[in-house]
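Okay, structure first, notes after.
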Amino acid sequence: MSADFYRQMARIRRFEETVLEQFSSGLFYGTTHTYIGQEANAVGVLSHLADGDIVFSNHRCHGHFIAYGGDLWALFAELMGKPTGVVGGIGGSQHIHWRDFYSNGVLGSTAPVATGAALAEKAKGSGQVAVIFLGDGALGEGVLYESLNIAALWQAPILFVLEDNRIAQTTPIELNLAGDIAARFASFGIPVAELDSSDVTAITDAAAPLYEQLRSGGGPQALVLHTVRFGPHSKGDDTRNEAMLARLRAERDPLSIYAGSLDAAEREAIDSAVAEEVAAAFARAQADPEHQR
Ligand SMILES: Cc1ncc(C[n+]2csc(CCOP(=O)(O)OP(=O)(O)O)c2C)c(N)n1
Ligand SMILES: [Mg+2]
């Protein structure tokens, strides 16, 4: 179990590093947003998923998709606009769908959809739940508050995961957000847990009781994760202070934090297996045929 957490986070990290390394080669369509630094959130939160639970993600979706079980090759192929991609190469980096996983790049747009999906599961009595990942930037979207209201009023089985990396594109949260994040959920009567950690174990533990509440009819739950984005917003657009970032990379790296519970040889073996796996997925996607346009 423990090595598996590390492996999952390492797969996301290496995938995203490859995306950033390769972007300038012109192989990818559109834009991209990498999840480097936030890996523990997706892996920790989604470790409690059951078959049939529905996951909604945003523009920064690769980590959520990979933690959900999505295929690295198909995601590379999607970024390359190839027919073998997750959605046939027409969604690109931000708009993917596979099994019960959905992502959309329009901030906040998934909140009413996810709430509706959770209500549908409740109406069917399926016992499944919905999980939605939102960034702090989505707190500026009014539709989120309409969704929280209905989710609370009709007791939808949905977990709102707010990944607060304190920045939206290049706007720091101090210039963008009044008041308190957790209080927003609480004001709708939605129980909220809050954590400032990059330790996947702590995140898994914090999420566990929330899923229990969801699955036992406790209505919507919220998890506010204060986190750190190590990379640029997109590809090269980082305006943050480099010394501050270097300090955060040293203190808040989910992989280094977790590596403490593995022995060095085990970590190295996982790192090299993951590097090989990601390189093979990339090469396979690159070799796939293009769309005939
Ligand atoms: C409705 C809407 N407005 C603006 C954008 C452009 N945009 C894309 S990502 C982004 C910032 C998102 O910040 P946040 O929600 O904090 O997520 P993060 O990028 O930090 O993970 C913006 C403004 C958008 N995608 N959708
Ligand atoms: Mg943000």
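The values are calculated or read from the model by the stated rules, or taken from the named source; none is laboratory data. These numbers were taken from a predicted model, which means no experiment stands behind them. Note: ideal-geometry Cβ built from the backbone for every residue, glycine included; neighbour counts use all protein chains shown. When the accessible area is computed, the model is the full protein with side chains, heavy atoms only, and any ligands, DNA or RNA have been set aside. Shrake-Rupley method; radii C 1.70, N 1.55, O 1.52, S 1.80 Å.
For the reader, a short list of remarks on this structure follows.
- Accessible surface of segment 31-175, 1.4 Å probe, proportion on carbon and sulfur as whole %: 55
- Cα-centre dipole for the chain with unit charges at Cβ (Lys and Arg positive, Asp and Glu negative), debye to 20: 580
- Under 15 Å, Cβ to Cβ, from Ala120 - net charge with Lys/Arg +1 and Asp/Glu -1: -1
- Fully extending the segment from Ser25 to Arg249, taken as 0.36 nm per residue of separation minus the present Cα-Cα distance, adds 78.0 nm.
- Helix-only CD estimate at 222 nm, as mean residue ellipticity for the chain, using -39500 (n - 2.57) per DSSP H run (n ≥ 4): -14500 deg cm²/dmol
- Distances between placed amide hydrogens fall under 5 Å for Val224 paired with Leu162, Ala193, Glu194, Leu195, all partners being 5 or more residues away or on another chain.
- Ala208 paired with Glu266, simple spin-label distance in nm, labels 7 Å along Cα-to-beta-carbon: 1.9
- Under the convention that each Lys and Arg Cβ holds +1 and each Asp and Glu Cβ holds -1, the size of the dipole of segment 79-178 around its Cα centre is about 400 debye.
- Of Ile54, Ile181, Ile190, the residue with the greatest mean-square motion in the GNM of the chain, using alpha carbon springs below 10 Å, is Ile181.
- Among His48, His62, His95, residue whose mean-square fluctuation peaks in a GNM of the chain (springs only between Cα atoms under 10 Å): His48
- For segment 263-269, backbone phi angles converted through the Karplus equation (6.51, -1.76, 1.60; θ = phi - 60°) give residue-by-residue couplings of 7, 4, 5, 5, 4, 4, 4 Hz, Gly and Pro being listed as x.
- Under a 5 Å amide H cut-off, with hydrogens placed 1.01 Å from N, Val131 pairs with Ile54, Val55, Phe56, Leu159 among residues at least 5 apart or on other chains.
- Expressed in units of 2.2 N^0.38 Å, where N is the residue count, the Cα radius of gyration of segment 68-217 is 1.12.
- Value of relative contact order over the chain, rounded to a whole percent, pairs C-alpha under 8 Å and six or more apart: 24
- 15 Å beta-carbon shell around Thr171, net charge (K/R +1, D/E -1): -3
- Maximal additional length on extending the Ala280-Tyr145 stretch stands at 44.3 nm, based on 0.36 nm per residue less the C-alpha distance.
- Applying the Karplus relation 6.51 cos²θ - 1.76 cosθ + 1.60 with θ = phi - 60° to segment 186-200 yields 3J(HN,Hα) values of 4, 5, 9, x, 8, x, 9, 10, 9, 8, 10, 7, 10, 8, 4 Hz, where x marks Gly and Pro.
- Computed about its Cα centre, the charge dipole of segment 152-212 is approximately 260 debye, with only Lys, Arg, Asp and Glu carrying charge at their Cβ.
- Per residue, the chain exposes 41 Å² of solvent-accessible protein surface, assessed with a 1.4 angstrom probe and all protein chains in place.
- Choice from Gly179, Gly140, Gly108 with maximal GNM fluctuation in the chain (Cα, 10 Å cutoff): Gly179
- In sequence order, calculated HN-Hα J values of segment 110-121 (Karplus, 6.51, -1.76, 1.60; Hz; x Gly/Pro): 7, 4, x, 5, 5, 5, x, 5, 5, 5, 5, 5
- Along the axis of the charge dipole computed for the chain (Cβ charges of +1 for Lys and Arg, -1 for Asp and Glu, origin at the Cα centre), the listed residues Ser47, Phe133, Leu255 are led at the positive end by Phe133.
- For the chain, taking the reciprocal of the average inverse distance between every pair of different Cα atoms yields a Kirkwood hydrodynamic radius of 19.3 Å.
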